[in-house]
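Trainee: Below is a structure I'd like to ask you about.
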Ligand SMILES: Nc1ncnc2c1ncn2[C@@H]1O[C@H](COP(=O)(O)OP(=O)(O)O)[C@@H](O)[C@H]1O
Ligand SMILES: [Mg+2]
């Protein structure tokens, strides 16, 4: 199996604080690799190390066969990277921004025009070539930043929360472009808080407080990450009742989703007890990815405290 990214006990400390703790991950070519976790869990720090921007404190890793510690320059030249705070030249047009990045990556002049056209078509910016970047809406800006990040046709693309702060329609469009890139063999590592995007990843790594706590396909995570029995109940105004439910001995945790409450029980045999205690019907459900992440994050916090 060909891995485009490998890490071995990759660790980054800031002073005495460990932001990324002995991370071991492998990413296959052409995979959309979702990297999830609460704010401050170490996602951006990991991506910055993988992009050759930030030196690891200990451990090692390779990207496209280049060593993180020895060849960060080679890595920077060969990857695409779009951070949450991507930078465009606001006073340049769409075309001029792409042309600038084409120059930065030393794309031969005779190929540039063709390459820029390709990016404009791929990022659905046709007709906007002469618009100033400053005048583009959020979604279009993000797609232009993506075009700039992939104009060198990198084999791997790192996207750090690329779709935060844009409309749902723009997010879906953006993710479609990611999927088509992956379909052509580009490997994509992407961080996101959106479950619909996480669902579309081939693999999801979940990190909490710098530590990898789950790593599998979305389907497998839903099947195996939660041990116990997940049920759903309709309880309008549930926030008040949830503490009572969580106090029941066989209820591990509850979460509120509008008027629905999801409760994780030790086992499904407790459903009748729960129904009696709550006064409503409870039916077993397959956990959603969101349920999985809520459970994983809580589980980890509890282990850290002990
Ligand atoms: N340059 C830095 N100096 C000190 N602490 C940092 C630095 N960069 C990140 N951190 C800390 O490391 C932790 C992980 O941050 P980050 O990787 O940005 O998390 P995420 O991207 O998952 O939100 C946070 O507690 C953050 O405050
Ligand atoms: Mg971040």
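The values are calculated or read from the model by the stated rules, or taken from the named source; none is laboratory data. From a predicted model like this one, the values you see are computed outputs, not experimental measurements. Counting neighbours? That spans all protein chains shown, and the Cβs are built from the backbone with ideal geometry, glycine included.
Trainee: Return the only residue of 10, 54, 23, 36 being surrounded by fewer than 22 Cβ atoms within 10 Å (Cβ to Cβ) and assigned by TED's automatic domain parsing to the domain that holds residue 194.
Mentor: On inspection, the qualifying residue turns out to be 54.
Trainee: Looking only at the stretch 26-45, which residues are within 16 Å of ligand 1 (Cβ to nearest atom) and closer than 15 Å to residue 156 by Cα?
Mentor: 33, 34, 35
Trainee: If a residue has to be at pLDDT below 95 and either under 22 Å from residue 74 (Cα atoms) or not assigned by TED's automatic domain parsing to the domain that holds residue 144 (or both) to count, how many in the stretch 87-100 make the cut?
Mentor: Going through the stretch 87-100 one residue at a time, the tally reaches 1.
Trainee: Within the stretch 108-120, does at least one residue satisfy the condition of being more than 16 Å from ligand 1 (Cβ to nearest atom) and touching a strand residue (DSSP E or B) at 6+ places or on another chain (Cβ under 8 Å)?
Mentor: There is no residue in the stretch 108-120 that is more than 16 Å from ligand 1 (Cβ to nearest atom) and touching a strand residue (DSSP E or B) at 6+ places or on another chain (Cβ under 8 Å).
Trainee: How about the stretch 176-197: which of its residues are at pLDDT 95 or above and touching a helix residue (DSSP H, G or I) at 6+ places or on another chain (Cβ under 6 Å)?
Mentor: Hits for the stretch 176-197 are 188, 191.
Residue-wise test of (1) under 30 Å from residue 269 (Cα atoms); (2) in a helix (DSSP H, G or I); (3) not assigned by TED's automatic domain parsing to the domain that holds residue 260.
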{"position": "144", "(1), (2), (3)": "no, yes, yes"}
{"position": "152", "(1), (2), (3)": "no, no, yes"}
{"position": "158", "(1), (2), (3)": "no, no, yes"}
{"position": "170", "(1), (2), (3)": "no, yes, yes"}
{"position": "179", "(1), (2), (3)": "no, yes, yes"}
{"position": "182", "(1), (2), (3)": "no, yes, yes"}
{"position": "204", "(1), (2), (3)": "no, no, yes"}
{"position": "214", "(1), (2), (3)": "yes, no, yes"}
{"position": "231", "(1), (2), (3)": "yes, no, no"}
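Trainee: Check off (1) without any contact (Cβ under 8 Å) to a residue 12 or more places away in the chain; (2) within 16 Å of ligand 2 (Cβ to nearest atom); (3) surrounded by fewer than 16 Cβ atoms within 10 Å (Cβ to Cβ) for residue 111 and give me the number that stays unchecked.
Mentor: Going through the list (1) without any contact (Cβ under 8 Å) to a residue 12 or more places away in the chain; (2) within 16 Å of ligand 2 (Cβ to nearest atom); (3) surrounded by fewer than 16 Cβ atoms within 10 Å (Cβ to Cβ), residue 111 breaks only (2).
Trainee: A further question on this structure: When the residues of the stretch 121-142 are narrowed to those that are under 22 Å from the mean Cα position of the chain (by Cα) and part of a helix (DSSP H, G or I), which ends up nearest to ligand 1 (Cβ to nearest atom)?
Mentor: The extreme case among them is 142.
Trainee: Name the residue, out of 158, 206, 194, that is surrounded by fewer than 21 Cβ atoms within 10 Å (Cβ to Cβ), within 13 Å of the chain's Cα centre (by Cα) and within 16 Å of ligand 1 (Cβ to nearest atom).
Mentor: The conditions single out 194.
Trainee: Going through the stretch 57-76 one residue at a time, which ones are in contact (Cβ under 8 Å) with a residue 40 or more places away in the chain and surrounded by 14 or more Cβ atoms within 10 Å (Cβ to Cβ)?
Mentor: Listed by number, the residues that qualify are 57, 59, 60, 61, 62, 63, 64, 68.
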